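The values are calculated or read from the model by the stated rules, or taken from the named source; none is laboratory data. What you see is a predicted model, and the numbers here were worked out from it, not measured in a lab. Cβ atoms come from the backbone with ideal geometry, glycine included; neighbour counts cover every protein chain shown.
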């Protein structure tokens, strides 16, 4: 064992580490632990280095060895928690952060990290307090204020979130995370000019989908077009693509030849957009020649969209309802499609928490199914669809026939109403110009603004928002009353004794 040589190697590695030269720092740490296996700091820093390089299993081994050498090390507990967090093991991460804070109550980073896990577990008020304490303890103000902003947004306090983000940017002007979170607050409040500009920082935030595709052609940011080819491509989820594809025809009208790249499941429904010269899927390996490129969610920025200029003409997508004509003709009364859960994004812990908040159990919707004069059709796909087994005979299940979004669009086109949580189906119904009632969580997404039961994005959409966090019962009660009014109105519009027209086989 050569402790002096090991410490020298560690110090050289730490110098490189501090300058974010991780790959160069790693071999110094490796030599340090080889020379002195009892050097706790080398194990901890080696663990941080390999974790940052995407090797969490090795990082786990390193931090556990550091803890074996010093079970009372708050730093090692915090580092181990970071590894668990990266692996999506949030409960284990939380236990580590708690242990670190118990060992050292003034540990700023552990306090900050504990706040993040408490927020994921829906204890957002506690998380806010931990973020504020972390600031007092000296945590990185940009990161702590950025986290605080998200906790404030989740509590419906976007003005305070904006202030927290601006404080973060005052200390670290180039913080992409703070600027992206500022965008969320501004867009929620309808301050779109600055909001869209700040939203461009999303490409530098891993949790928001970054980095941007590396393409040699320039970005289209609103330059004058005279026949140039513009490659537009989907990003984030299906709902984002369905919402912002409305801008593609506008690029064509502005003088561009539009190539659109979308997920394969959306290709057929996207083919109904006006003005698209060519549609590719994300699975296509070769791109045709183009002059400019732009992601779909950057088009509002390129067009300088404000609340007053949101392109809200619907439908901008179309579907043929005749595929479902015979099935729907056999359903008397109001034909209502329902969706009760969004798609979970298991790889992103905070996204998983959002998915839990925006979704409900099918049983929560049960009062709606007792409204007379309605027939309910499930538009739900994925694991939540299995919940129908607990309510047999309540919903018509046609999921086996919904092989792509074009099939879903055709079904929606033949329905009278769609009732959905905030998920892609709600966007699709709105894009088709169908009446859609969206059941929205308390801390709704920025695109739905705030304090509104309508939306400028979809003229046929009506929002039913939670008035308190997690209160789906109150939402369903209001939807039930509205549905009774709708069925009564529908009956009054239908002439007595006239049978619904059916399509011949």
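What residue, among those in the stretch 165-212 that are under 20 Å from residue 234 (Cβ atoms) and outside any helix (DSSP H, G or I), is modelled with the highest pLDDT? Here the answer is 205. Considering (1) free of Cβ contacts under 8 Å to residues at least 12 places away in the same chain; (2) under 28 Å from residue 273 (Cα atoms); (3) not in a loop (DSSP other than H, G, I, E, B), the lone condition that residue 216 does not fulfil carries the number (3). All conditions in (1) surrounded by fewer than 19 Cβ atoms within 10 Å (Cβ to Cβ); (2) in a loop (DSSP other than H, G, I, E, B); (3) at negative phi hold for residue 304, with the sole exception of (3).
Among residues that are farther than 19 Å from residue 460 by Cβ and crowded, with 21+ Cβ neighbours inside 10 Å, residue 245 is not included.
Is it fair to say residue 142 is farther than 19 Å from residue 112 by Cβ, outside the structural domain of residue 287 (by TED's automatic domain parsing) and either buried (at least 20 other Cβ atoms within 10 Å of the Cβ) or within 20 Å of the chain's Cα centre (by Cα) (or both)? Considered against the rule, which asks whether it is farther than 19 Å from residue 112 by Cβ, outside the structural domain of residue 287 (by TED's automatic domain parsing) and either buried (at least 20 other Cβ atoms within 10 Å of the Cβ) or within 20 Å of the chain's Cα centre (by Cα) (or both), residue 142 comes out as no. Is it fair to say residue 390 is surrounded by fewer than 20 Cβ atoms within 10 Å (Cβ to Cβ), in the same structural domain as residue 365 (by TED's automatic domain parsing) and in contact with a helix residue (DSSP H, G or I) (Cβ under 9 Å, 6 or more places away or on another chain)? Yes. Residues of the stretch 7-33 being free of Cβ contacts under 8 Å to residues at least 12 places away in the same chain and buried (at least 16 other Cβ atoms within 10 Å of the Cβ), which ones? Correct list: empty. Just one of the numbered conditions (1) touching a residue at least 24 places away in the same chain (Cβ under 8 Å); (2) in a loop (DSSP other than H, G, I, E, B); (3) farther than 24 Å from residue 208 by Cα is not true of residue 453: (1).
For the stretch 102-128, the set of residues classified as crowded, with 22+ Cβ neighbours inside 10 Å and closer than 18 Å to residue 71 by Cβ consists of 107, 110, listed by residue number. So is residue 433 closer than 24 Å to residue 355 by Cβ, surrounded by fewer than 23 Cβ atoms within 10 Å (Cβ to Cβ) and in the same structural domain as residue 337 (by TED's automatic domain parsing) or not? For residue 433, the condition - closer than 24 Å to residue 355 by Cβ, surrounded by fewer than 23 Cβ atoms within 10 Å (Cβ to Cβ) and in the same structural domain as residue 337 (by TED's automatic domain parsing) - is not met. May I ask you to list the residues in the stretch 223-233 that are part of a loop (DSSP other than H, G, I, E, B) and surrounded by 14 or more Cβ atoms within 10 Å (Cβ to Cβ)? Across the stretch 223-233, the qualifying residues are 223, 225, 228. Just one residue in the set 329, 409, 363 is touching a helix residue (DSSP H, G or I) at 6+ places or on another chain (Cβ under 8 Å), surrounded by fewer than 20 Cβ atoms within 10 Å (Cβ to Cβ) and touching a residue at least 24 places away in the same chain (Cβ under 8 Å); that residue is 363. Residue 271 falls short on exactly one of the conditions (1) touching a helix residue (DSSP H, G or I) at 6+ places or on another chain (Cβ under 6 Å); (2) without any contact (Cβ under 8 Å) to a residue 60 or more places away in the chain; (3) more than 28 Å from residue 195 (Cα to Cα), and that condition is (1). Looking across the stretch 266-291, the residues that are surrounded by 13 or more Cβ atoms within 10 Å (Cβ to Cβ) and more than 18 Å from residue 406 (Cα to Cα) come down to 275, 277, 287, 290, 291. Within the set 420, 399, 403, the sole residue that is within 30 Å of residue 122 (Cβ to Cβ) and surrounded by fewer than 24 Cβ atoms within 10 Å (Cβ to Cβ) turns out to be 399. Can you tell me which residues in the stretch 332-345 are surrounded by fewer than 19 Cβ atoms within 10 Å (Cβ to Cβ) and within 26 Å of residue 269 (Cβ to Cβ)? The answer is 343, 344, 345.
Here is a yes/no grid of residues against (1) in contact with a helix residue (DSSP H, G or I) (Cβ under 8 Å, 6 or more places away or on another chain); (2) surrounded by 23 or more Cβ atoms within 10 Å (Cβ to Cβ):
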{"site": "35", "(1), (2)": "yes, no"}
{"site": "43", "(1), (2)": "yes, yes"}
{"site": "48", "(1), (2)": "yes, no"}
{"site": "68", "(1), (2)": "no, no"}
{"site": "71", "(1), (2)": "no, no"}
{"site": "90", "(1), (2)": "yes, no"}
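Of note, residue 260 does not satisfy the criterion of being under 27 Å from residue 198 (Cβ atoms), assigned to a strand (DSSP E or B) and within 21 Å of the chain's Cα centre (by Cα).
May I ask you to verify whether residue 98 is over 27 Å from the mean Cα position of the chain (by Cα) and more than 20 Å from residue 143 (Cβ to Cβ)? It is false that residue 98 is over 27 Å from the mean Cα position of the chain (by Cα) and more than 20 Å from residue 143 (Cβ to Cβ).
Quick one: would you say residue 299 is in a loop (DSSP other than H, G, I, E, B), buried (at least 20 other Cβ atoms within 10 Å of the Cβ) and outside the structural domain of residue 147 (by TED's automatic domain parsing)? The answer is no for residue 299.
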